[in-house]
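These notes are about the structure you will find just below.
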Amino acid sequence: MTDSRTESLSAFRQLVEGKKLLITGGTGSFGRTFVRTCLGNTEAAQVQVYSRDEQKHVALQREISDPRLRCILGDVRDLDRLRVVLRDVDFVFNAAAIKHVHFSEEHPMEAVNTNVVGTHRVCQAALECGVKALISLSTDKAVEPVNVMGMSKALHERVVGSFAGKGMRVGIVRYGNVLASKGSVVPYFRQLLEAGAKSLPVTDRRMTRFVLTLDDSVDLVMHAFAHSREGETFVLDLPAFKIWQVAQVMAEAAGEAVTVEEIGIRPGEKLHETLISSEEIRRSTRDEGFWTIRRYVSGQELFAPAQAEESLASDGARPLSKDEILDLLRKEDCLPPAEPTSARGE
């Protein structure tokens, strides 16, 4: 465990000791990792998971046997339900989201209802019920958005920030591509390879993405929880990879003659993502790999002209080499099992 992660976990452990936590969307990839961290490394009094997917609740209860875990069926769009479940809760971690770009393009109001309206209702119910702090999860697609999912998440960030200064600490974390999370490209490539695919589809060979692990995502949330005060947004200083190279590495690791095919960009996709815009850089600070973007004091705030204002974009981030990508995929158990040579020759 790195020094920064040890420090974040230590501060988090002290803050949540004896407290009740609620995680919306807690049956997802991040949620399950975060639940395990809370139950396995802290003395939290209770960890409540709030989600509308009953089957995922059942699976989570089978995975984790801890009397402090409580699974609650519900939707972030339901304000009355939230008012009930947030009674006596100390801290909220809002991970509920509609996150698939193409589905959001096809069903924009569903993305708005969960990512914007649902977030507002979580914040409203939390404030009414005396919750002490709330951290909400966002994405780099919220920066200079070109798709519905990113636009809804940009509004989500503004909604959370608008609750700052009302008696509840609020903060936002902004992620890149979480390597092993459901819906990301790596599990999709692995699924294709395990099904015997002879080709992996990549939209554009130039495409880059910021990358972090599930453990990194938990570290960022713990850091934000300890340091948020007035609606700040927290970002990790992340490396990036080319999706084309990820596909090449996974195809080679599979031990098969698998090709990588360029298929074209879908609606709403960017070639490169941005974690911090050039406008946000004016109000950002960096400390030991963590960026903090403070929110506006008011809509009338003025900033002094700068000599140069650069964004933090994936095409300018430190690129991972193919060897580094391979090491990372191995470490995170993201590679498909290679078929033995003898079996391939038969």
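The values are calculated or read from the model by the stated rules, or taken from the named source; none is laboratory data. Note that the structure is predicted; figures quoted are calculated from it, not measured. Glycine gets a Cβ as well: all are built from the backbone with ideal geometry, and neighbour counts include every protein chain shown.
Could you list all residues from the stretch 254-269 that are over 20 Å from THR139 (Cα atoms), out of contact with any Lys or Arg (no Cβ under 9 Å at 6 or more places or on another chain) and among the acidic types (Asp, Glu)?
GLU261
I'd like to verify a number: residues in the stretch 154-188 that are modelled with pLDDT under 95 and among the hydrophobic types (A, V, I, L, M, F, W, C), how many?
Of the residues in that region, 5 qualify.
Is it true that some residue in the stretch 212-221 is at pLDDT 90 or above, farther than 30 Å from PHE163 by Cα and either surrounded by fewer than 22 Cβ atoms within 10 Å (Cβ to Cβ) or not basic (Lys, Arg) (or both)? Lay out the reasoning, then the answer.
First, the residues of the stretch 212-221 that are at pLDDT 90 or above: 212-221.
Retained after the next criterion (residues that are farther than 30 Å from PHE163 by Cα): none.
No.
Which residues, counting only those in the stretch 275-284, are among the hydroxyl-bearing types (Ser, Thr, Tyr) and out of contact with any Asp or Glu (no Cβ under 6 Å at 6 or more places or on another chain)? Outline the logic, then answer.
Taking the stretch 275-284 as the starting set, the residues that turn out to be among the hydroxyl-bearing types (Ser, Thr, Tyr) are 277-278, 284.
Across the stretch 275-284, the qualifying residue is only SER284.
Any idea how many residues of the stretch 254-277 are more than 22 Å from the chain's Cα centre (by Cα), among the small types (Gly, Ala, Ser) and surrounded by 12 or more Cβ atoms within 10 Å (Cβ to Cβ)?
Initial filter on the stretch 254-277 (more than 22 Å from the chain's Cα centre (by Cα)): 254-265.
Keeping just the survivors that are among the small types (Gly, Ala, Ser) gives 254-255, 257, 264.
Okay, now just the ones that are also surrounded by 12 or more Cβ atoms within 10 Å (Cβ to Cβ), so 254-255.
Counting residues in the stretch 254-277 that are more than 22 Å from the chain's Cα centre (by Cα), among the small types (Gly, Ala, Ser) and surrounded by 12 or more Cβ atoms within 10 Å (Cβ to Cβ) gives 2.
How about the stretch 87-123: which of its residues are closer than 26 Å to ARG13 by Cα and either surrounded by fewer than 18 Cβ atoms within 10 Å (Cβ to Cβ) or among the basic types (Lys, Arg) (or both)?
ARG87, ASP88
Which condition breaks for GLU63 when tested against (1) surrounded by 16 or more Cβ atoms within 10 Å (Cβ to Cβ); (2) under 24 Å from LEU220 (Cβ atoms); (3) acidic (Asp, Glu)?
(1)
Filter the stretch 222-233 down to the residues that are of a type outside the set (A, V, I, L, M) and out of contact with any Lys or Arg (no Cβ under 7 Å at 6 or more places or on another chain), then identify the one that is surrounded by the fewest Cβ atoms within 10 Å (Cβ to Cβ). Don't jump to the end; show me each part of the working.
Within the stretch 222-233, the first condition is being of a type outside the set (A, V, I, L, M), and the residues that meet it are 223, 225, 227-233.
The next check asks that each one be out of contact with any Lys or Arg (no Cβ under 7 Å at 6 or more places or on another chain); those that pass are 223, 225, 227.
Numbers: HIS223: 27, PHE225: 23, HIS227: 16.
It comes out as HIS227.
Would you pick out the residues in the stretch 161-184 that are within 30 Å of ILE265 (Cβ to Cβ) and of a type in the set (A, V, I, L, M, F, W, C)?
Of the residues in the stretch 161-184, the ones within 30 Å of ILE265 (Cβ to Cβ) are 172-184.
Passing the criteria: ILE172, VAL173, VAL178, LEU179, ALA180.
How many residues are surrounded by fewer than 13 Cβ atoms within 10 Å (Cβ to Cβ) and closer than 19 Å to ALA224 by Cβ when one looks only at the stretch 290-327?
So the answer is 1.
Looking only at residues in the stretch 38-60 that are β-branched (Val, Ile, Thr) and surrounded by 19 or more Cβ atoms within 10 Å (Cβ to Cβ), which one is farthest from ALA97 (Cα to Cα)?
THR42
State yes or no: is ASP287 modelled with pLDDT of 95 or more, surrounded by fewer than 14 Cβ atoms within 10 Å (Cβ to Cβ) and not β-branched (Val, Ile, Thr)? Break it down into steps so the answer makes sense when it comes.
Values: modelled with pLDDT of 95 or more: no; surrounded by fewer than 14 Cβ atoms within 10 Å (Cβ to Cβ): yes; not β-branched (Val, Ile, Thr): yes.
Spelling it out, it is not the case that ASP287 is modelled with pLDDT of 95 or more, surrounded by fewer than 14 Cβ atoms within 10 Å (Cβ to Cβ) and not β-branched (Val, Ile, Thr).
I want to confirm something. Restricting to the stretch 145-176 and keeping residues that are assigned to a loop (DSSP other than H, G, I, E, B) and of a type in the set (Gly, Ala, Ser), which single residue is nearest to the chain's Cα centre (by Cα)?
To start, the set of residues in the stretch 145-176 that are assigned to a loop (DSSP other than H, G, I, E, B) comprises 145-147, 162-168, 176.
Remaining after also requiring of a type in the set (Gly, Ala, Ser): 162, 164-165, 167, 176.
Details: SER162: 21, ALA164: 21, GLY165: 25, GLY167: 26, GLY176: 7 Å.
Step by step, filter the stretch 145-176, then rank; the result is GLY176.
Could you list, in sequence order, all residues of the stretch 246-265 that are among the aliphatic types (A, V, I, L, M) and not in a strand (DSSP E or B)?
Filtering the stretch 246-265 down to residues among the aliphatic types (A, V, I, L, M) leaves 246-247, 249-251, 253-254, 257-258, 260, 263, 265.
Across the stretch 246-265, the qualifying residues are VAL246, ALA247, VAL249, MET250, ALA251, ALA253, ALA254, ALA257, VAL258, ILE263, ILE265.
Given the conditions (1) of a type outside the set (Ser, Thr, Tyr); (2) in contact (Cβ under 8 Å) with a residue 60 or more places away in the chain; (3) under 30 Å from ILE23 (Cβ atoms), and given that LYS242 satisfies all but one, which numbered condition is not satisfied?
So LYS242 meets the others, but not (3).
Return the residues of the stretch 121-140 that are outside any loop (DSSP other than H, G, I, E, B) and either among the aliphatic types (A, V, I, L, M) or within 12 Å of ARG87 (Cα to Cα) (or both); say none if nothing qualifies.
Within the stretch 121-140, VAL122, ALA125, ALA126, LEU127, GLU128, ALA133, LEU134, ILE135, LEU137 qualify.
Within the stretch 215-245, which residues are more than 18 Å from the chain's Cα centre (by Cα) and in a strand (DSSP E or B)?
The answer is LYS242, and nothing else.
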